[in-house]
Amino acid sequence: QVQLVESGGGLVQPGGSLRLSCAASGSIFSIRPMGWYRQAQGKQRELVAFVEKLGSTNYADSVKGRFTISRDNAKNTVYLQMNSLNSEDTAVYYCYIQTPGRGYWGQGTQVTVSS
């Protein structure tokens, strides 16, 4: 079993920044691909950013140039730095880790962009 604990969500004004963190623990025996997804109200969950075990990254077009995903392998932690936030970024953000055989989701953290 793997547990994911997310933190860093909250309310921010348009144009502001937030940094999300996700710490993985449990049956992790090697560096695993990790990422962030989000789900806005009434919409499907979508990929935001992903980082492979060797460090290559992938971003949704809507966040390129504004969001940066990074990881600390020693801590099994992945981060999402979000800048220039706008109302369309409002959603519940979920951390994800891929292990052999299955993936695991965090509980989600709410990000609300509003003035």
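Count, please, the residues in segment 1-17 that happen to be over 17 Å from Val63 (Cα atoms) and in a strand (DSSP E or B).
Final tally of qualifying residues: 8.
Being open to solvent by 40 Å² or more (accessible area, probe 1.4 Å) and either more than 15 Å from Ala91 (Cα to Cα) or of a type in the set (Asp, Glu) (or both) is the filter here, so list the residues in segment 8-22 that pass it.
Of everything in segment 8-22, just one residue is open to solvent by 40 Å² or more (accessible area, probe 1.4 Å) and either more than 15 Å from Ala91 (Cα to Cα) or of a type in the set (Asp, Glu) (or both), namely Gly15.
Among the residues that make up segment 18-33, is at least one of them of a type in the set (Phe, Trp, Tyr) and not in a loop (DSSP other than H, G, I, E, B)?
The answer is no, given that none of the residues of segment 18-33 is of a type in the set (Phe, Trp, Tyr) and not in a loop (DSSP other than H, G, I, E, B).
Is it the case that some residue within segment 27-34 is modelled with pLDDT of 95 or more, open to solvent by 60 Å² or more (accessible area, probe 1.4 Å) and of a type outside the set (Lys, Arg)?
Checking segment 27-34: not a single residue is modelled with pLDDT of 95 or more, open to solvent by 60 Å² or more (accessible area, probe 1.4 Å) and of a type outside the set (Lys, Arg).
Would you confirm, using the coordinates I've provided, whether Tyr94 is of a type in the set (Phe, Trp, Tyr), within 21 Å of Gly10 (Cβ to Cβ), modelled with pLDDT of 95 or more and open to solvent by 20 Å² or more (accessible area, probe 1.4 Å)?
yes
Please specify each residue of segment 37-75 satisfying the condition of being touching a residue at least 40 places away in the same chain (Cβ under 8 Å), part of a loop (DSSP other than H, G, I, E, B) and either more than 18 Å from Thr109 (Cα to Cα) or open to solvent by less than 40 Å² (accessible area, probe 1.4 Å) (or both).
Result: Ala40, single match.
The values are calculated or read from the model by the stated rules, or taken from the named source; none is laboratory data. All values derive from a computational prediction rather than experimental measurement. With ideal geometry, Cβ positions are generated from the backbone for all residues, glycine too; neighbour counts draw on all protein chains shown. Ligands, DNA and RNA are excluded from the accessible area calculation, which covers all protein heavy atoms including side chains. Shrake-Rupley method; radii C 1.70, N 1.55, O 1.52, S 1.80 Å.
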